[in-house]
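Here is the structure we will look at, set down as structure tokens.
The values are calculated or read from the model by the stated rules, or taken from the named source; none is laboratory data. Please read these numbers as outputs of a predicted model, since none were measured by experiment. Positions of Cβ are generated from backbone atoms using ideal geometry, with glycine treated the same way; all protein chains shown enter the neighbour counts.
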Amino acid sequence: MSMLKVIEVLAESEKSFEDAAQNAVTQAAKSVRNVKSIYLKEMNAAVEDGRITSYRVNAKISFLLDGQDAG
């Protein structure tokens, strides 16, 4: 049986929600190995003068613990 751990992260992008999600995965992968999935818990955007200035996600990222088999 595989054991996964889940961390919750916040990430931001000036481009899109998809880019913010990718930023979350990229940053998490710098400190944990074996990232397997991302669950977008919340999405919101900052607005100034009637325009979206940044996209933000609250995400749960799961990763396989060391010594675990993915099968």
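Scan segment 42-71 for residues that are modelled with pLDDT under 95 and either surrounded by fewer than 12 Cβ atoms within 10 Å (Cβ to Cβ) or of a type in the set (S, T, Y) (or both) and jot them down.
D66, G67, D69, A70, G71
Quick check: anything in segment 52-62 β-branched (V, I, T) and more than 17 Å from S16 (Cβ to Cβ)?
yes
Which strands (runs of 3 or more DSSP E) does the chain wholly contain that include 1 or more residues that are in contact (Cβ under 8 Å) with a residue 60 or more places away in the chain and on the phi < 0 side of the Ramachandran plot?
Filter on the chain gives 4-13, 51-64.
What's the total number of residues in segment 1-38 that are exposed (fewer than 11 other Cβ atoms within 10 Å of the Cβ) and of a type in the set (F, W, Y)?
The total comes to 0.
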